[in-house]
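The structure appears right after this line, and notes come after that.
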Amino acid sequence: MSLTIDTHHHMLPEFFFEATNEKGNPVGGLKPHAWSIAGSLAFMDELEIDIAVTSISTPGIELPDRIASKKLARKCNDFAAAMVSKYPRRFGALASVPMPNMDDAIEETCYALDVLKLDGVILFTNSQGIYLGDQRMKPLFHELQRRKATVFVHPNASPDPVAHALGLTDNLIDFPGDTTRVIAQLHYGGTFAETPDVKYVFSHAGGTAPYLAGRFAIVDEMKIMGDSSIRGTAAESFRRLYWDTALAWTDPVLNHLRNIAGMDKVVFGTDFPYVRTDLAVKGKLRIKSNPDLSAVEKKQVFGGNALKLFPRFDSVKISNK
């Protein structure tokens with residue numbers, strides 16, 4: 001049996017959820033089950049997941065008060081570090097950073113990676129309407145490039161009020177749309193090209209970006225977004241990025257990812273605790289039973305590819321249960 005690593009596994013301590021979500025109106029439109037460390041472990045045991053790389057969820061840390069944001073990020077990171085320290089063979093953790101202030105984000109990134117030794121950073125597609133590909137975000141990405149960091153990108157709701165006036169839950173269309181939006185901006189704005197050593201993981205199989213790969217190629221061929229000789233083509237960026245299977249585990253999605261990125265860039269994710277456990281079980285079984293994936297490819301997806309992102313887990317054995 002091969003190692004299974006869940007790269008999309010949220011930790012939602014009560015203090016974080018209360019500070020960032022309105023009661024009865026959770027961000028994205030779906031209220032998750034109450035989260036606890038014990039609940040994560042029980043879920044992992046049921047799905048035979050060896051390691052979960054935890055991260056906070058929407059909307060990230062973007063409180064109106066700058067000091068409150070800094071304190072919340074530090075509290076989340078200290079909590080995550082304590083959890084990893086107690087269960088080093090079961091959990092990893094991605095650092096939370098206060099956004100969109102760059103000085104604060106860089107300061108907390110340095111603390112979380114240097115002092116707490118967390119496994120990477122989680123960033124959200126936009127914070128208070130400022131997207132990751134915005135020129136104002138460049139100092140943070142330069143720091144992440146210097147560290148050759150692993151960066152997990154998770155969607156946030158669109159800042160456009162029209163998107164929320166359609167009677168549709170954000171996690172149906174808007175989350176995948178925002179992920180696609182930021183992939184395009186990071187590529188065409190040159191951030192990907194300027195950070196060749198950053199390892200990017202995009203949640204939910206990159207939203208709709210893989211489906212639009214042919215459209216990206218036409219835009220590049222026609223030079224609609226300018227000359228790609230320096231930044232490279234979108235197709236080249238797609239082959240460099242990692243894509244997780246959270247809510248995107250069906251055969252057509254995986255086959256498409258093979259074509260545009262390669263199965264060596266697909267990592268397993270569940271989206272716990274937002275997804276129902278029975279659906280997560282079905283999702284994992286769907287991957288295991290996919291007739292188009294070889295045994296080697298399945299091993300890569302479930303854990304092998306994640307070890308390239310989180311090499312410290314290479315020493316973890318299956319006997320940790």
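The values are calculated or read from the model by the stated rules, or taken from the named source; none is laboratory data. This one's a predicted model, so the numbers in the text were calculated from it and none came from an experiment. All Cβ positions, glycine included, derive from the backbone under ideal geometry; neighbour counts span all protein chains shown. We work out accessible area using only protein heavy atoms, side chains counted, and drop any ligands, DNA or RNA first. Shrake-Rupley method; radii C 1.70, N 1.55, O 1.52, S 1.80 Å.
Structure summary
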quantity: Residues of region 291-312 that turn out to be open to solvent by 30 Å² or more (accessible area, probe 1.4 Å), under 22 Å from residue 88 (Cα atoms) and either aliphatic (A, V, I, L, M) or touching a strand residue (DSSP E or B) at 6+ places or on another chain (Cβ under 7 Å) (or both), as a count; calculated: 1
quantity: Residues of region 97-115 satisfying the condition of being closer than 16 Å to residue 80 by Cβ, touching a helix residue (DSSP H, G or I) at 6+ places or on another chain (Cβ under 8 Å) and either among the charged types (D, E, K, R) or open to solvent by 40 Å² or more (accessible area, probe 1.4 Å) (or both); calculated: 108, 111
quantity: Residue count, region 1-38 (criterion: open to solvent by 30 Å² or more (accessible area, probe 1.4 Å) and either modelled with pLDDT of 90 or more or part of a loop (DSSP other than H, G, I, E, B) (or both)); calculated: 17
quantity: Selected residue (only one of 139, 155 is modelled with pLDDT of 95 or more and under 18 Å from the mean Cα position of the chain (by Cα)); calculated: 155
quantity: Hits in region 73-93 - residues which are polar (S, T, N, Q) and in contact (Cβ under 8 Å) with a residue 40 or more places away in the chain; calculated: 77
quantity: Residue in region 151-173 that is free of Cβ contacts under 8 Å to residues at least 60 places away in the same chain and in contact with a Ser or Thr (Cβ under 6 Å, 6 or more places away or on another chain) present; calculated: no
quantity: Residue within region 213-231 that is under 24 Å from residue 122 (Cβ atoms), assigned to a helix (DSSP H, G or I) and of a type in the set (A, V, I, L, M, F, W, C) present; calculated: no
quantity: Residue selected from region 66-121 under the condition hydroxyl-bearing (Ser, Thr, Tyr) and under 20 Å from residue 148 (Cα atoms), by the criterion nearest to the chain's Cα centre (by Cα); calculated: 96
quantity: Of residues in region 81-114 being among the polar types (S, T, N, Q) and in contact with an Asp or Glu (Cβ under 8 Å, 6 or more places away or on another chain), the one farthest from residue 156 (Cα to Cα); calculated: 109
quantity: Out of 54, 58, sole residue that is of a type in the set (Val, Ile, Thr), part of a loop (DSSP other than H, G, I, E, B) and within 20 Å of the chain's Cα centre (by Cα); calculated: 58
quantity: Test for residue 253: is it open to solvent by 30 Å² or more (accessible area, probe 1.4 Å), part of a helix (DSSP H, G or I) and either at pLDDT 95 or above or among the charged types (D, E, K, R) (or both); calculated: no
quantity: Condition check for residue 148: surrounded by fewer than 19 Cβ atoms within 10 Å (Cβ to Cβ), free of Cβ contacts under 8 Å to residues at least 60 places away in the same chain and within 17 Å of the chain's Cα centre (by Cα); calculated: yes
quantity: Residue satisfying condition, being among the hydrophobic types (A, V, I, L, M, F, W, C) and part of a loop (DSSP other than H, G, I, E, B), within set 281, 296, 275; calculated: 275
quantity: Residue in region 110-120 that is at pLDDT 95 or above, touching a Phe, Trp or Tyr at 6+ places or on another chain (Cβ under 6 Å) and among the acidic types (Asp, Glu) present; calculated: yes
